1. Under unit Cβ charges (Lys, Arg +1; Asp, Glu -1), what dipole magnitude, rounded to 20 debye, does the range 248-432 have relative to its Cα centre?
2. Projecting each Cα onto the charge dipole of the chain (Lys/Arg +1, Asp/Glu -1 at the beta carbon, about the Cα centre), which of Val175, Tyr475, Ser451 comes out farthest on the positive side?
3. Quick check on packing: order 163-172, 145-154 by the mean number of other C-beta atoms within 10 Å, highest mean leading.
4. Per-residue HN-Hα couplings for the range 265-270, Karplus 6.51 cos²θ - 1.76 cosθ + 1.60 at θ = phi - 60°, whole Hz, x for Gly and Pro?
5. Tell me, what ³J(HN,Hα) does each residue in the range 236-252 have, in order and in whole Hz, if you take phi through Karplus 6.51 cos²θ - 1.76 cosθ + 1.60 with θ = phi - 60° and put x for Gly and Pro?
6. Listed highest first by mean packing, meaning other Cβ atoms within 10 Å per residue, what order do 17-23, 363-369 come in?
7. Sum -39500 (n - 2.57) across every DSSP H segment of at least 4 residues in the chain, then divide by the residue count to get the 222 nm mean residue ellipticity, nearest 500.
8. Could you tell me what percent of the DSSP beta bridges with both partners in the chain are antiparallel, to the nearest 5?
Amino acid sequence: MYIDGEWVRSSSGQEFGAVNPATGEEFDRVPKGNDEDVKAAVDAAATAQKAWRDTPAAQRADYVLKAGLLIRETLDAVAKVDVINVGKPIKEARREVGNAATAAIYFSGLARRMYSNVVDSEQPKKFTMTVRRPVGIVGVITPWNDPASLGMWGIAPALVTGNTVVFKPASNSAVISAELVKVYEKVGLPKGVLNMVTGGGGEVGEALIRNRKVGLTVFTGESSTGRHIAEVNAPMFRKQVMELGGKNALIVADDAEISVAVHAALYASFSSAGQKCTAASRIIVEKGIVDKFSRAFAEGASKLVVGNGLREDVEVGPVVSRSQQKKSLEYIESGTLDGAVLLSGGGVYEDPERKRGYFVKPTVFGSVTNDMKIARDEIFGPVTSIIPAKSVDEAIEIANDTEYGLSSAIYTKDIGNMFKAINGIDAGMTFVNQGTVGPEVGAPFGGVKSSGFGRELGDEAIEHFTEKKTVFIDYSYSDRPWYFTPSS
Ligand code: NDP
């Protein structure tokens, strides 16, 4: 844990093991923080706040820029830690860590674009304007699936805008998350500006959200956890950004280039072993091509190279933990019981190497209806469903028949279909002729409905991390008509 510029153990001395999901073996120990550690971290962030706030934005941005550049220089080493900690294939880990660097570089540029307003005053000799102030201390709470990029999406804009940070990474990804903090330490970030406390959500996370000194919660994780955090925040009127779960639909229209759509859908469904908030977990295919698409997609899934992500040829790694593996297997069972047709995968591997780790075969169900459990719940594993639809209009209705609204996609060459999807799908993002995954740092990212609210990335991010104060300056030095006349 990193508190007030020092790497420290938990005050209780307790630790937990970090396990490599590809082998099931412990590879590191992580401090198990508690209330006391969170309090120390928040107090350090509070002490550092004023000097950091008063540091010019361009200087604050320099630290963030240097951190981004340093991550790029050391990309391979950091990506390897990502693979060992959460299991993703090395090529994907390089992309994820690279995205973290790009986010830092992008946000460092934001320092020079934090515009405020000048309002033409209603009074003569009066100047009215807004200035941006940081919210103070930001609690950044992240999940384990994209630990480097999601950590940076919260930390970099918070620092650039003048906030100090207490970072609580997911327990499953604490080791790779610490790499981000090490980078900020190396570039000389002043002590107390960024702090990290590791440990369980129920203790460390809970202590962080209940600490009244924290001005903004940036949370990424499950919708149920987000709902709980929102309930804790509400009585304090605390600001929050909620990036939550998804059940993302990828629509394939009759006129789509099938082979292109198949490749994109494979990546959107099975990259990070399906553990992406934006994963395509419902592929809704127009009836004219559903058989052809299903055959090609299932065949593609069965050919994916599944194994230890440290191997360059591996395309799908293990899921992150034994419990995530169990969850995926339960959904596979439920799909079969509900009458979906298993087209590919459906279980674990029996060879000794993969049996040790938390692998699940990339699984494709066909003939799925949208009322089945596999079409309703966020599975967060390598299990995807093909749902036939009579038309693009019906496909959009099915896409919207979910509690979530994060990402979506359509494959079509018809501009009418494209705009039906853009205007008709209730989601924070619609990709046209791209899978549901692959955000860009310059564009806002986030969802609607149970997928959360607020937007990360893009210039929008600045709104969450700052408060606008309105300033009225009267330079007439005279009584205005509404002033009380002093009694004589
Ligand atoms: P969780 O909600 O289980 O955990 C997320 C983080 O919250 C972890 O750091 C966790 O700690 C912490 N936490 C758990 N309970 C509490 C609590 N009571 N108070 C404060 N913090 C708490 O999500 P997962 O880690 O399982 O991540 C997967 C989820 O994240 C999926 O639903 C996925 O869709 C979503 N996600 C959303 C994204 C988006 O941008 N919309 C992007 C990526 C993922 P600990 O690990 O110690 O339990």
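1. Values: 19 positive and 25 negative charges, 117 e Å.
Roughly 560 debye for the range 248-432.
2. Final value for the positive-end residue is Tyr475.
3. On the way: 163-172: 26.1, 145-154: 27.9.
So the order, starting with the most tightly packed, is 145-154, 163-172.
4. 5, 4, 5, 5, 8, 10
5. 8, 6, 7, 5, 7, 10, 10, 10, 10, x, x, 9, 7, 9, 10, 8, 10
6. Order by mean packing, descending: 363-369, 17-23.
7. Values: 16 runs with 189 residues, N = 488.
Helix-only estimate at 222 nm: -12000 deg cm²/dmol.
8. On the way: 26 of 64 bridges.
Antiparallel bridges: around 40 percent, rounded to the nearest 5.
Read-outs throughout are calculated quantities, based only on the coordinates presented, and are distinct from any laboratory measurement. Just so we're clear, the structure is a prediction, and the values are computed from it rather than from any experiment. Here Cβ is always computed from backbone atoms with ideal geometry, including for glycine, and neighbour counts include all displayed protein chains.
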